[in-house]
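Worksheet: the structure to be examined is printed underneath.
The values are calculated or read from the model by the stated rules, or taken from the named source; none is laboratory data. Because the structure is predicted, anything quoted here is derived from the model rather than measured. Here the Cβ is made from the backbone with ideal geometry for all residues, glycine too, and neighbour counts use every protein chain on show.
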Amino acid sequence: MFLKCLNGYFKMTIAKEGIPFITGTLVPGLILMGLYPVHGMNILLIPGIILMLLGVFCTAFFRNPNRKIPIDDSVLVSPADGKVINVLEVNDEYVGEAIRVDIFLSVFDVHLNRIPTAGNVDFVKYRPGKFAAAFRDKAHEDNEKTDIGISGDNGKFRVAQIAGLIARRIVCYVKETETVRKGQLYGMIRFGSRTELTFPRNYEACVKVGDRVKGGESIIGKLKS
């Protein structure tokens, strides 16, 4: 009931992965806060407040806000919320001559990932690795990562979920051969991370370093005319 009220207030849903974290902090917090005035046990007050605050943080972290997905087939949408930290020209073994946009997600950003363009999933590859700060360039090469490759009408695209200093769990919902649509939820990273989108150069980048983007809504690239 409490989560339902929160959902109605924020007009969003909660990612299912967050339910154990939210209930595991809010419920004990509510119990401790309830016992404090009844029994006058001051020792329960501070733990109760801490658990309640953690519960509010987890609720905010696992939020799934409504997003307006652009219907224009010529655009690529952001795979994540966060801050653009790199826009690079690269030669990718799957995509070919490409542009890579790196997005850093702080613990305050929405951590659900979205598909940038419609297509078919060619591969899902997991790579174990380190948990260095995700905003560092070396995170691309060294950190734990899950890559998915998508074949679309206008080329091939790679999306990478990269774990960070605090993020220790990558979740990917999609599987090889699956057909996906633009803006579809496909996974998440807990708690603070990096997402990269690599797309062919028949698209032009529509963002620059320092821009803030929203997953499934902000336009990252547009097909050249």
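Observations, loosely collected:
- Given (1) in a strand (DSSP E or B); (2) modelled with pLDDT under 85, number of the condition GLU97 does not satisfy: (2)
- Unmet requirement for LYS175, which otherwise passes all of (1) free of Cβ contacts under 8 Å to residues at least 60 places away in the same chain; (2) touching a His at 6+ places or on another chain (Cβ under 7 Å): (2)
- Among the conditions (1) touching a Pro at 6+ places or on another chain (Cβ under 7 Å); (2) in a strand (DSSP E or B); (3) at pLDDT 95 or above, the only one that PRO116 does not satisfy is (2).
- Residues being within 13 Å of the chain's Cα centre (by Cα) and in a strand (DSSP E or B) - total across segment 78-87: 2
- Selected residue (criterion: nearest to CYS206 (Cα to Cα)) from residues of segment 70-88 that are small (Gly, Ala, Ser) and in contact with a Gly (Cβ under 9 Å, 6 or more places away or on another chain): SER78
- Total residues in segment 144-177, condition modelled with pLDDT under 90 and in a strand (DSSP E or B): 7
- Residue count, segment 199-219 (criterion: farther than 20 Å from ASN64 by Cα and buried (at least 21 other Cβ atoms within 10 Å of the Cβ)): 2
- Only residues that are under 16 Å from ASP72 (Cβ atoms), of a type in the set (Gly, Ala, Ser), part of a loop (DSSP other than H, G, I, E, B) and touching a residue at least 60 places away in the same chain (Cβ under 8 Å) were counted across segment 178-225, and they come to 3.
Table: residues versus (1) modelled with pLDDT of 75 or more; (2) on the phi < 0 side of the Ramachandran plot; (3) of a type in the set (Ser, Thr, Tyr).
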| residue | (1), (2), (3) |
| --- | --- |
| MET12 | no, yes, no |
| GLU17 | no, yes, no |
| PHE21 | no, yes, no |
| VAL27 | no, yes, no |
| TYR36 | no, yes, yes |
| HIS39 | no, yes, no |
| ILE69 | yes, yes, no |
| ASP72 | yes, yes, no |
| SER78 | yes, yes, yes |
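- Listed conditions (1) outside any loop (DSSP other than H, G, I, E, B); (2) surrounded by fewer than 20 Cβ atoms within 10 Å (Cβ to Cβ); (3) modelled with pLDDT under 85 are all met by LYS125, apart from (3).
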